[in-house]
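Below is one structure, written out as C-alpha cells, with a few remarks after it.
The values are calculated or read from the model by the stated rules, or taken from the named source; none is laboratory data. Predicted model, so just to flag it, every value in this text is computed and none were measured. Cβ sites come from the backbone with ideal geometry, for glycine too, and all protein chains shown count toward neighbours.
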2 protein chains.
Amino acid sequence: MVLKKDGKSQARAGLIKTVHGEIETPAFVPVGTQATVKSLSNRDLEDIGVQIFFVNTYHVYLRPGLQTVGCFGGLHQFIGWKGPLITDSAGFQIFSLGEGRRQGRLKLREEQDVPLVRITEEGVTFRSHLDGKEHFFTPESSIEAQVVLGADIIFALDECIYYPATFEYVKMATERTGRWAERCLTVSRRDYQALYGVIQGGVFENLRQASARDISRLPFGGIAIGGVSVGESKKEMELVLDWVVPHLPEDKPRHLLGVGEIDDIFTLVEKGVDTFDCVMPTRLGRMGHVLVHSSKWTLDITKSQYAKDATPIDENCRCFVCQNYTRAYINHLFRVKELLAYRLATYHNLYFLEKLVEKIRFSIKEGNFLDFKKEWL
Amino acid sequence: MVLKKDGKSQARAGLIKTVHGEIETPAFVPVGTQATVKSLSNRDLEDIGVQIFFVNTYHVYLRPGLQTVGCFGGLHQFIGWKGPLITDSAGFQIFSLGEGRRQGRLKLREEQDVPLVRITEEGVTFRSHLDGKEHFFTPESSIEAQVVLGADIIFALDECIYYPATFEYVKMATERTGRWAERCLTVSRRDYQALYGVIQGGVFENLRQASARDISRLPFGGIAIGGVSVGESKKEMELVLDWVVPHLPEDKPRHLLGVGEIDDIFTLVEKGVDTFDCVMPTRLGRMGHVLVHSSKWTLDITKSQYAKDATPIDENCRCFVCQNYTRAYINHLFRVKELLAYRLATYHNLYFLEKLVEKIRFSIKEGNFLDFKKEWL
C-alpha cells in the first residue's frame, strides 16, 4: 500500500501488511542465510528496529532440512522470530554456488565437480556445496519448499543470469523464467503468503521491459527485480530500473534482490523500489568494515590507527554499541579474533542502515527526499 | 567480610567490597581471557548477574599491550565494564603455555622453540606464544603490569608447579613463590587494589601447610590457592583444601584458582573457599556442552537427538536463552557453525552457574547448605 509519493522522483513511502506485522517501506531487509542473522539474537534485531529478514531456502533446505523446520510449523517458530520473514526460491544460491564451483572458488571432490548445474525446462539439477549430493528443484518444488518454511513473502523460481551473457542466452533464460513464474502460481500456498514474481532480462532494454510486462500481468502479490547485483555496475542498475519501473503496477510492492550499499539505497528508492535485501552490512561488519557518516561510508576498524581511539564507531550513532564501546576496544576484539567483535560490528552496521532508511522514509513523507539524498551523498 | 558461617561445614557467606561494587560470596568468577568473556557483551554479563570477571594479564600484556590499556586508565575503562575485575600475575599462562609447547600442543617455529620458560630467582623469561619474542617478568614487574591494568583484585607472581612433580622440585618452587610473594608486596599499588598471595605446595601436605602459613602471615588483602587445577584429581583438591584452610586467616577472602565444575563448586564452598574462577562453563558452552539440572550436569546439544527437540536447554532455567530458544534451533546453529550458537550456549551456562551459586549463598545464610548440596549431587 503506497502511502505517499515523492513529487520530484519515483520514491514512495508505503506499508506492507503481513500476518506477522507491518513493514514500513522503503525497508532494508537484512539477510539471515542459515535462519540466523549472523551473530545477532532475535532480541537484538528487534532492538535495532529490523522489520523483516531474509532466509535462504537453499541453505535451510540442506540444513536443517525441510522436515525439521516443518516439525515446528515453519521458520517463524523454528527461529522464534515473531516478525515477518522472506524466503527466496533457492535459485540464486543454486546458480551462484554452481558458478563459484565453475570458477574454482568452491571446491568439491573432483568426481563430483561436473556437472555443476543442469537446467532443463522442467527444472534445475544441482549438487549440494556441502556434500556434492544431487538435488532437483522445479518451480513447483521451490514453492512447496517455501510453503513448508512459511515465510510471509516468498519468491518464484527464476533462472539467474550471469554477467556478461549473450543476448541469445539472456533471452532464452528470461523467457523460461516467465514460464516458470506461471508454474509457480499454480502451487497452493499458505493463506498469508505473498508470492513475488521475479523480473530478469540482463542488461538488455527490450528483454527487461518484456520481462517486466510479463511478470506484472500475472497475479503475483509483489514484484522482485533480479539479476541486478550480479556483476553489473551501479550505472547498469540505474538503467535497469529506468527500463523496468514504468511497467510495474503502482499498487504492488517492489523488491530489489541483493543490493544495499549506501549510495545504491538512495538510487533504488529514488527509482521507486520499496524493499531491498543485501548481505553487505552484515558481511562487511564481520570483516571489520563499520558504517560511518563520512564520504566513504565505512572505516576499517581493524587498522592500527584505531587501537587507542576512545571515540565510538560513529559519534552520532545512538546504537547500543556506540553508546557502550570505543573504537579501540572493538579494534582489539578484531585483532585477537574474539567472537564479540563480529557481533558488535554487525549490530552497529544494521542499526546504522535501519536509521538511515527510517530517515529516508521520513523524508519521503515530508516531501524532501531529494534534499535529504543531497545532504547524504 | 564473613557474614554468616555454616554450622556444619566450613562454608561461609560473605561480602567483598571494592570501589567498583560489592561481591557477594561464594562467587563464581567467569574468565574473560582477552579482556572479553567470549561472545558476551557487558550488558549480557550484567543481565546474567556476573559480579566480577577475570582477565589474564599474560594475554592483555601481549595484546593490546599495557601501553594501550594504560591510555584508557585501565581495563575498566578499556572494556567499558563498571563492576569489579580480577587479573592474575601472568604466571599461570607463562608456565602452562610453556608446558604446552614442551608437550608439542603449541607449535612455534623450531628455532624459537627453545628455551620455553627459564626461571631464575630474579624472575621468569618466556617466549610469546604469538610470535616467539622473549619477555621477562619479575614479581615486581607482574605487579606493575597489574597496576596499569587496574583490576580490583590482583595476584602475586607464583611459580606454577606441574603435576606430577618431585618433592624436591615442589619444595624449591614453593619456597621461591614465598620469596616472590614478599617482593610483590614491596610494589606500590593503586589505593583500591587488593593484592592476593598465592599458596603452592603441590600435593605434599607439609609443603602446602608451610606455604599456607607463609602466605597467611604476610599482609596480603586475600589468599589464593594455586596449583589445584593442574592435573590433580578431585580427591587431591579436597586433600589440599583440608591441609590449607585451617592455616588461613578467617577475615581474608579466599580464592581458588581455576576450578569450577558443578561438583567441585560444592566441595570448595564446603571447605571454606569464597571465590573461584574457571573457564569451564564458557569453554564447554562453545563446544556445545550446555549445563542442565541432571545427573551428568551437561548435555551435548550438537547431537542429532536434539535436532527436533522443541524444549529449551533446561526447562527450569529462566535465562534469556531458555525463554526464547529451543534445543533444536541451537542444535542447528552449532551444526552450521553459526556465531550465535557460541553466544547462546555461553550465556546459558554462565546464567545456570550464577543461579546455582546464588542458591548456594542463600542456603548458607539459611543454614541448610549441606541439605542443598545433597539435593543437587
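A few notes on this one:
- The residue that is surrounded by the most Cβ atoms within 10 Å (Cβ to Cβ), among those in the range B:246-261 that are at pLDDT 95 or above and in contact with a Leu (Cβ under 7 Å, 6 or more places away or on another chain), is B:256.
- Scanning the range B:263-303 for residues that are without any contact (Cβ under 8 Å) to a residue 12 or more places away in the chain and hydroxyl-bearing (Ser, Thr, Tyr) returns B:294, B:295.
- Looking across the range B:282-339, not a single residue is at pLDDT below 95 and under 25 Å from residue A:346 (Cβ atoms).
- Residue B:375 being outside the structural domain of residue B:32 (by TED's automatic domain parsing), outside any loop (DSSP other than H, G, I, E, B) and closer than 21 Å to residue B:30 by Cβ: no
- Applying the set (1) touching a residue at least 12 places away in the same chain (Cβ under 8 Å); (2) closer than 30 Å to residue A:362 by Cα to residue A:233 leaves exactly one unmet item: (1).
- Restricting attention to the range A:316-339, the residues that are within 28 Å of the chain's Cα centre (by Cα) and of a type in the set (D, E, K, R) add up to 3.
- Once the range B:312-351 is narrowed to residues that are among the basic types (Lys, Arg) and closer than 15 Å to residue B:291 by Cα, the residue that is surrounded by the most Cβ atoms within 10 Å (Cβ to Cβ) is B:343.
- Residue A:94 falls short on exactly one of the conditions (1) under 13 Å from residue A:149 (Cβ atoms); (2) touching a Phe, Trp or Tyr at 6+ places or on another chain (Cβ under 8 Å), and that condition is (1).
- Hits in the range A:362-372 - residues which are in a helix (DSSP H, G or I) and farther than 17 Å from residue A:297 by Cβ: A:362, A:363, A:364, A:365, A:366, A:369, A:370, A:371
- Test: residue in the range A:317-324 that is within 14 Å of chain B (Cβ to nearest Cβ) and touching a Lys or Arg at 6+ places or on another chain (Cβ under 6 Å): no
- Residue list for the range A:17-73, filter: of a type outside the set (A, V, I, L, M, F, W, C), within 12 Å of another protein chain (Cβ to nearest Cβ) and in a loop (DSSP other than H, G, I, E, B): A:32, A:33, A:34, A:36, A:38, A:39, A:41, A:56, A:73
- Residue ID - surrounded by the most Cβ atoms within 10 Å (Cβ to Cβ), chosen from residues in the range B:279-311 that are among the polar types (S, T, N, Q) and under 25 Å from the mean Cα position of the chain (by Cα): B:282
- Evaluated against (1) in the same structural domain as residue B:28 (by TED's automatic domain parsing); (2) out of contact with any Leu (no Cβ under 8 Å at 6 or more places or on another chain); (3) closer than 22 Å to residue B:369 by Cα, residue B:293 falls short on exactly one condition, (1).
- Qualifying residues in the range A:326-347 (those that are within 25 Å of residue A:32 (Cα to Cα) and in a loop (DSSP other than H, G, I, E, B)) - the one farthest from the other protein chains (Cβ to nearest Cβ): A:337
- Leading residue by the ranking (surrounded by the fewest Cβ atoms within 10 Å (Cβ to Cβ)) among those in the range B:46-59 that are of a type in the set (A, V, I, L, M) and within 16 Å of the chain's Cα centre (by Cα): B:50
- All positions within the range B:74-98 that are more than 10 Å from chain A (Cβ to nearest Cβ) and either modelled with pLDDT under 95 or closer than 12 Å to residue A:308 by Cα (or both): B:90, B:91, B:92, B:93, B:94, B:95, B:96, B:97, B:98
- Some residue of the range B:359-367 being within 14 Å of another protein chain (Cβ to nearest Cβ), surrounded by fewer than 16 Cβ atoms within 10 Å (Cβ to Cβ) and of a type outside the set (Gly, Ala, Ser): no
- In summary, strands (runs of 3 or more DSSP E) completely within the range A:188-307 and bearing 1 or more residues that are basic (Lys, Arg) occur at A:254-256.
- Just so you know, in the range B:160-182 the residues that are out of contact with any Leu (no Cβ under 7 Å at 6 or more places or on another chain) and of a type in the set (S, T, N, Q) include one that is modelled with the lowest pLDDT, and it is B:166.
- Qualifying residue in the range B:153-172 (condition: touching a helix residue (DSSP H, G or I) at 6+ places or on another chain (Cβ under 8 Å), without any contact (Cβ under 8 Å) to a residue 40 or more places away in the chain and assigned to a helix (DSSP H, G or I)): yes
- Filter result for residue B:375 (of a type in the set (Asp, Glu) and either over 25 Å from the mean Cα position of the chain (by Cα) or within 14 Å of another protein chain (Cβ to nearest Cβ) (or both)): yes
- Selection within the range A:291-316: residues that are within 13 Å of another protein chain (Cβ to nearest Cβ) and of a type in the set (D, E, K, R). The member of this set that is nearest to residue A:49 (Cα to Cα) is A:309.
Here is a yes/no grid of residues against (1) closer than 30 Å to residue B:246 by Cβ; (2) buried (at least 22 other Cβ atoms within 10 Å of the Cβ); (3) out of contact with any Pro (no Cβ under 9 Å at 6 or more places or on another chain):
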| residue | (1), (2), (3) |
| --- | --- |
| B:3 | yes, no, yes |
| B:11 | yes, yes, no |
| B:20 | no, no, no |
| B:61 | no, yes, yes |
| B:70 | no, no, yes |
| B:79 | no, yes, yes |
| B:89 | yes, yes, no |
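- For the range A:353-366, a residue qualifies if it is out of contact with any Asp or Glu (no Cβ under 7 Å at 6 or more places or on another chain) and in contact (Cβ under 8 Å) with a residue 40 or more places away in the chain, and the qualifying residues are A:353, A:354, A:355, A:356, A:357, A:358, A:360, A:365.
- In the condition set (1) out of contact with any Cys (no Cβ under 8 Å at 6 or more places or on another chain); (2) in a helix (DSSP H, G or I); (3) at pLDDT below 90, residue B:115 is compliant with all but (2).
- Of the residues making up the range A:227-245, those that are at pLDDT below 95 and touching a strand residue (DSSP E or B) at 6+ places or on another chain (Cβ under 9 Å) are A:227, A:228, A:229, A:237.
- Residue match in the range B:349-361 (condition: under 24 Å from the mean Cα position of the chain (by Cα) and assigned to a loop (DSSP other than H, G, I, E, B)): no
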